[in-house]
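A.B. asks: Have a look at the structure that comes next, please.
The values are calculated or read from the model by the stated rules, or taken from the named source; none is laboratory data. Note that the structure is predicted; figures quoted are calculated from it, not measured. Note that we place each Cβ from the backbone using ideal geometry, even for glycine, and neighbour counts take in every protein chain shown.
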Amino acid sequence: MSVQVRIRDARREDVALIFGWIVELAEYERAPEQVTGTPALLDEALFGAAPTAEAVIAETGEDVRSDAGTTTWQPAGFALFHSTFSTWESRPGIWLEDLYVPPVHRRAGVGAALLAHLAQITVARGCARLEWAALDWNEPALNFYEKIGANRLEAWILHRLDGSELARVARDLGSAE
């Protein structure tokens, strides 16, 4: 018996599963209270009139070598991503927002398969780069990214405006125009 991994595009019926994994990921990252989205918002982002993100689902299957030769597939993780743009290279890129594999499916090649699939999409679309962020304490992820040859951009510091600060900047700095 061997475990296989396949990647497919997410479908609308996967939204609840993906959202559940997003919550699990937030719990792992010690920030479950920061999940303010909903399955409905995720559905709109992935499958609405003007999608702003894409997702793929990893599935694992065990080839039981039965007479029927069938493989039973089960969801084993996901990656959610969206387009970016590099002014320096004048080409698009892909930002990997989330890649999550539940603990039961880790160490089976699921994360590597998801990342390889995204790299293939990046190359096929003529994008200049595939980028993501990782928490500084997430040693398993950081070690994996180093192992595959990803460059850690130490000189770049991620910034964010959200919530009331975003509204304040939009209001206060926007009135200076």
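A.B. asks: Among the residues of the range 59-69, are any without any contact (Cβ under 8 Å) to a residue 60 or more places away in the chain, surrounded by 16 or more Cβ atoms within 10 Å (Cβ to Cβ) and acidic (Asp, Glu)? Before the answer, list the steps.
C.D. replies: First, the residues of the range 59-69 that are without any contact (Cβ under 8 Å) to a residue 60 or more places away in the chain: 59-61, 66-69.
Applying the additional criterion that residues be surrounded by 16 or more Cβ atoms within 10 Å (Cβ to Cβ) yields 59-61.
Still in the running and acidic (Asp, Glu): 59.
Looking through the range 59-69, at least one residue is without any contact (Cβ under 8 Å) to a residue 60 or more places away in the chain, surrounded by 16 or more Cβ atoms within 10 Å (Cβ to Cβ) and acidic (Asp, Glu).
A.B. asks: Only one residue in Ala76, Ala108, Ala113, Ala128 is part of a loop (DSSP other than H, G, I, E, B), in contact (Cβ under 8 Å) with a residue 60 or more places away in the chain and surrounded by 16 or more Cβ atoms within 10 Å (Cβ to Cβ). Which one?
C.D. replies: When all the criteria are applied, what remains is Ala108.
A.B. asks: Among all residue pairs at least 6 apart or on different chains, which show Cβ distances below 7 Å where the first residue, located in the range 11-37, is of a type in the set (Phe, Trp, Tyr) and the second is part of a helix (DSSP H, G or I) and modelled with pLDDT of 95 or more?
C.D. replies: Phe19/Pro39; Phe19/Leu42
A.B. asks: Out of the residues in the range 1-57 meeting the condition of being of a type outside the set (A, V, I, L, M) and assigned to a strand (DSSP E or B), tell me which one is farthest from the chain's Cα centre (by Cα).
C.D. replies: To start, the set of residues in the range 1-57 that are of a type outside the set (A, V, I, L, M) comprises 2, 4, 6, 8-9, 11-14, 19-21, 24, 27-30, 32-34, 36-39, 43-44, 47-48, 51-52, 54.
Checking the rest, the ones that are also assigned to a strand (DSSP E or B) come to 2, 4, 6, 8-9, 54.
Working: Ser2: 26, Gln4: 21, Arg6: 16, Arg8: 14, Asp9: 12, Glu54: 9 Å.
Among them, the one singled out is Ser2.
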